1. So how many residues does region 167-196 have that are farther than 20 Å from Leu236 by Cβ and either surrounded by 15 or more Cβ atoms within 10 Å (Cβ to Cβ) or basic (Lys, Arg) (or both)?
2. Among the residues of region 174-199, which ones are part of a helix (DSSP H, G or I) and without any contact (Cβ under 8 Å) to a residue 40 or more places away in the chain?
3. It is to be established whether one or more residues within region 236-244 are over 17 Å from the mean Cα position of the chain (by Cα), more than 20 Å from Leu118 (Cα to Cα) and modelled with pLDDT of 90 or more.
4. Run Leu209 past the list (1) in contact with a Gly (Cβ under 9 Å, 6 or more places away or on another chain); (2) open to solvent by less than 30 Å² (accessible area, probe 1.4 Å) and report the number of the one that doesn't hold.
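The values are calculated or read from the model by the stated rules, or taken from the named source; none is laboratory data. Remember, predicted model here, so these are calculated numbers, not experimental data. Cβ coordinates were reconstructed from backbone atoms using ideal geometry, including for glycine residues, and neighbour counts include every protein chain displayed. Surface accessibility is based on the protein's heavy atoms, side chains included, excluding ligands, DNA and RNA. Shrake-Rupley method; radii C 1.70, N 1.55, O 1.52, S 1.80 Å.
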Amino acid sequence: MTDAAPRDPSPDSRDTPRRTNPPTTADVAGPPEPAWLPAWLAAALHRLVDWTSPRAALLITLAVGLIPALLLTLGSAEVYDAVAESDGVAQLDHPVLKAAQAVRSPELDAAVTGFTNLAGLVGMPILAAAVTLIMMLRWKTWTPLLLMVCAAAGSLLMTVAGKDLIGRDRPPLADAIPPYEYSASFPSGHSLNSVVMAGMAAYLIILHLHTRRAKMLTLAVAVLFAAAVGLSRVYLGHHWFTDVLVAWTLGLAWLAVVITAHRLLHSRRIAERDANATV
């Protein structure tokens, strides 16, 4: 009796590659869609994607989201009027300006002026365009351009609306450092735009980072940049402190609208891709 020849591996076990689990949303692009959002809102956005396209749905969502952002601007104007009349938060303006004047020096004045120009009408578009171009080329996607343009458009619209509604005077020129500015003071456009643009850039970068430390460092850089821009406006005497406070609030609100819209639509694309990968 001869020993039976060893059995060859089956064709399936020999030729079929091992199946790996499809990547999850967290593996690909950060956290899943916010759990605190109403289910009907997520469902409505998903239906909008079905009827149009992901990018078109994003633009429509942001256009709708701009309405509450503008209402928040109107509400901020009303709150500011009420506070200013009763000398509430506005009581901080003069003491903060006096404190800034106490630490001024020619060297520091020049350094702060150069820094604040990064968030100006010339510096911020150049800086934002450079960062956006780098992200587009590195990741080979149009998403950074779409989100940065939408974020900037909403920020600019809120700045113009707020200035027209309030028409608040800037601090006296005698208390300011040249070059002087003459547009309305409320809200601070530099501060609002820096929050939105730095926040959006940080959000996009964080989606492509893998370690918690790198993500926290990116967020910290964005927060420090936006905070420094706002405080530089007060230091130079170009804005009152309450101008900056409201600008930070409006900027964060609009940033939340843009990021939430993108997270919802992006999670839909991830879910569809994962479903196709398992078929």
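1. Matching residues across region 167-196 total 1.
2. Passing the criteria: Ala174, Ala198.
3. no
4. (2)
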